[in-house]
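Each reported figure results from applying straightforward, stated rules to the coordinates on display, with no laboratory input. Nothing here was measured: the structure is a model prediction, and the numbers come from that model. No Cβ is skipped: glycine too gets one built from the backbone with ideal geometry, and neighbour counts run over all protein chains shown.
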């Protein structure tokens, strides 16, 4: 389970005021000193991530955040980092103390409710003051998921030890995790019958990692295998010859977007064809919204701002797809003088409404919830959004062809 990518894990955000015991709670639950614990307010500055297998829930990422009432010199930056976790968290764990629930906690619950995310209220410091029946009833009016413990002593109300506290939290978490319909679905195996064949066309260029495949390729291979399918992986210069050697036609061909024009020309029209990026647009975001978004390219005007959004941060290569190729193809296709900005990693502009179009990567490094949040933010600000694979296929004149496999989806 340690090999499960972060983007496929349940993300659990730990929120609360400064010094309420968020970091201590993370250390207690994980049985490790993950976060620095100190009575000094504002100890947690950056979001602390802990990846682990949390049975019986499964692979998770805990996200320990800064206090929502932080008033230090760095409070603005800390608040921004905490707010960014709102978009990622599948579950909000809100820590508090006996009798202490006010505007800060209500604001956290409001964020969770707005996003359709369950809230677990954890009353800490029961070694100082036990959870009263009155406060418990008040919390139960806010969320059905309430527990109490002392992160300092590792005991729950009633004296149960650390293991009992952890088990109690696991039981609550297992009972409120999002429905499977809200979790990542299959990548492509639903388009392939058992025993069916998928050909993956994988370019080996200057941007390819040495000795391994990139994440979308590796995940697609695993998804086909999990669906009882068969995978053939070839380089783009081997594809046509490999296709000729087969005794039966593949059920689908999946290629890197950068070679989609060539692969489309070499693939008979009765064989379904798409790209890795388009598969991930379906998996992580809203494929139809991104299909509509590509129409904005034909409506751009000189001087318009276009955002290139990448979910991973990396040093740009000479032929970098997001920073070099897509801007070049976009200008060639439109013939316009456009202002093109690139944001990498989890950085995302606050002035999204200043853009005429967002072209987003396949989001293999983002959770489905986080990508949906970005799509929703664009929709709310009347900004059209598309993704790399759809945009490149549009540039190369094969968009209808690569979207055909999803006509009935």
| Evaluated over the chain, the Cα radius of gyration and Dmax, each in Å | 24.0, 75
| Which residues in region 210-254 place their backbone N less than 12 Å from a point set 7 Å from the Cα of residue 270 along the Cα-to-Cβ direction? | 249-250
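Using alpha-carbon pairs under 8 Å, 6+ residues apart, how would you state the relative contact order of region 200-298 in percent?
On the way: 78 pairs, mean separation 27.6, N = 99.
Once divided by the residue count of region 200-298, the mean separation gives 28 percent.
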| remark: Only helices counted: for the chain, with every DSSP H run of 4 or more residues adding -39500 (n - 2.57) and the sum spread over all residues, [θ] at 222 nm is -9500 deg cm²/dmol
| query | What's the FRET efficiency of residue 295 with residue 170 using the Cβ-Cβ distance as r and R₀ = 56 Å, to the nearest 0.05? | reply | 0.75
| note | Listing 213, 139 by rising number of other beta-carbon atoms within 10 angstrom, fewest first, gives 213, 139
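Under the √(5λ) rule applied to the eigenvalues of the Cα gyration tensor, what semi-axes describe the equivalent ellipsoid of region 290-399? Give them in Å, descending.
Values: eigenvalues 74, 55, 37 Å².
The three semi-axes for region 290-399 are 19, 17, 14 Å.
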| said: So if each residue of separation counts as 0.36 nm, and I subtract the Cα-Cα distance between residue 333 and residue 32, what length gain in nm does that give? | reply: 103.0 nm
| request: May I ask you to sort 361, 149 by Cβ crowding, counting other Cβ atoms within 10 Å and putting the fewest first? | output: 361, 149
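Could you give the length gained on full extension between residue 324 and residue 261, defined as 0.36 nm per residue of separation minus the Cα-Cα distance, in nm? Provide the component values of the computation, followed by the final result.
Working: separation 63, 0.36 × 63 = 22.68 nm, distance 1.82 nm.
Using 0.36 nm per residue and subtracting the Cα-Cα distance, I get 20.9 nm.
Within 10 Å of each residue's Cβ, count the other Cβ atoms and sort 87, 22 from fewest upward.
Working: 87 22, 22 30.
The most exposed by this proxy come first: 87, 22.
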| remark: Between the modelled labels at residue 53 and residue 248 (7 Å from Cα along Cα→Cβ) the distance in nm is 3.5 nm
